[in-house]
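Here the structure is laid out as structure tokens; the discussion comes afterwards.
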Amino acid sequence: MRRILFAIASVLFVCASAKAELCQSFVGSTMKGHREVPTANWRTDYPVRYPNPKDMQAWERFNFATQPVDYMNAVLKSARDSFSLKDRRLVGTGKEPWWISEWLDYGTSGREPHMGLTKERGPNPGDLSQTSAAGYQVWAVGFYNLPGAVVLGDIFAEPCNPSLPVALKFPADTASVKFLFTDASTDDVAYLKDAPEFDAIIDAAGSGSDSRPVEQRSLRTVRLLQVDIAVKDPRATDTGWV
């Protein structure tokens, strides 16, 4: 689970906004808040114009195949400047150049409200470490930079009636960052002992991949497990993505 670079083609990380909550289909939104915590407020004010494709991106100075650490750090610099841990919560600056996608915010699979996390596949025994047991949970939240956010703006031009194209094509220089958290015990996964701790409204211990009724979720400690990045880079000739 320590991978940094991964391929991604058409996965959307989705969340609710005030506009979407006006839709009748969002009466069961899990992002309406919780009495124990404030509600996540990520950006969905999508830009309408793509940046100039001739503008040099910081990561383009590096070869991802031969300089993976430099490439990764160039992508993550903006995220480091934009996101932080405050009051045991992942927060942005309010003007961070990163946007989240809308929707998938209601029902038993909906986002938890504190940080806007959605549930990932639960790790199998031994996935997180040689001693990790079954039943642990992984929750995540992902963001797109300006080029990707313009695509999201096209999709959600009508918030209650999104239009997904047959072929979803993100432009070059689209970047995505994804923060993954787990409730795994530090007794089982020793490298998490110094990981930043956060609070999230998640399922009961031992739930694994199963999604329980939202009413049964509670405020529990999760730790930062990893950060994934994906970049639409024309130099990645196999898939177009790093």
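The values are calculated or read from the model by the stated rules, or taken from the named source; none is laboratory data. None of these values were measured; they are calculated from a predicted model. Ideal geometry is used to build each Cβ from the backbone, glycine not excepted, and the neighbour counts take in all protein chains shown. Note: accessible area is taken over every heavy atom of the protein model, side chains too, but ligands, DNA and RNA are not part of it. Shrake-Rupley method; radii C 1.70, N 1.55, O 1.52, S 1.80 Å.
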(request) Looking for whichever is in contact with a Pro (Cβ under 6 Å, 6 or more places away or on another chain) and closer than 27 Å to GLY107 by Cα here; the options are PHE198, PHE156, PHE179, PHE143. Which one fits? (result) PHE156
(request) Would you check which residues across region 166-205 are open to solvent by 60 Å² or more (accessible area, probe 1.4 Å) and not hydrophobic (A, V, I, L, M, F, W, C) and list them? (result) LYS169, ASP187, TYR191, LYS193, ASP194, GLU197
(request) Go through (1) modelled with pLDDT of 95 or more; (2) among the hydrophobic types (A, V, I, L, M, F, W, C); (3) part of a helix (DSSP H, G or I) one by one and return the number of the condition ALA79 breaks. (result) (1)
(request) Being out of contact with any Leu (no Cβ under 6 Å at 6 or more places or on another chain) and either closer than 17 Å to ALA205 by Cα or free of Cβ contacts under 8 Å to residues at least 12 places away in the same chain (or both) narrows it down to one of LYS77, LYS86, so name that one. (result) LYS86
(request) Please go through region 91-114 and pick out each residue that is open to solvent by 30 Å² or more (accessible area, probe 1.4 Å), under 16 Å from PHE143 (Cβ atoms) and of a type in the set (S, T, N, Q). (result) THR93
(request) Examine region 215-236 for a residue that is surrounded by fewer than 16 Cβ atoms within 10 Å (Cβ to Cβ), more than 27 Å from THR30 (Cβ to Cβ) and touching a helix residue (DSSP H, G or I) at 6+ places or on another chain (Cβ under 6 Å), and state whether such a residue exists. (result) no
(message) Of everything in region 93-113, what is in a strand (DSSP E or B) and either among the small types (Gly, Ala, Ser) or over 13 Å from MET31 (Cβ atoms) (or both)? Give them in sequence order.
(response) TRP99, SER101
(request) State whether the residues of region 132-139 include one that is touching a Lys or Arg at 6+ places or on another chain (Cβ under 8 Å), closer than 18 Å to LEU224 by Cα, in a strand (DSSP E or B) and open to solvent by less than 10 Å² (accessible area, probe 1.4 Å). (result) yes
(message) Please verify whether TRP59 is surrounded by 13 or more Cβ atoms within 10 Å (Cβ to Cβ), within 19 Å of HIS114 (Cα to Cα) and touching a residue at least 40 places away in the same chain (Cβ under 8 Å), treating the condition exactly as stated.
(response) no
(message) Looking at THR239 and the list (1) over 26 Å from GLY135 (Cα atoms); (2) buried (at least 21 other Cβ atoms within 10 Å of the Cβ); (3) polar (S, T, N, Q), which single condition is not satisfied?
(response) (2)
(message) So GLY208 ticks every box in (1) open to solvent by 40 Å² or more (accessible area, probe 1.4 Å); (2) of a type outside the set (D, E, K, R); (3) over 17 Å from the mean Cα position of the chain (by Cα) but one. Which box is left unticked?
(response) (1)
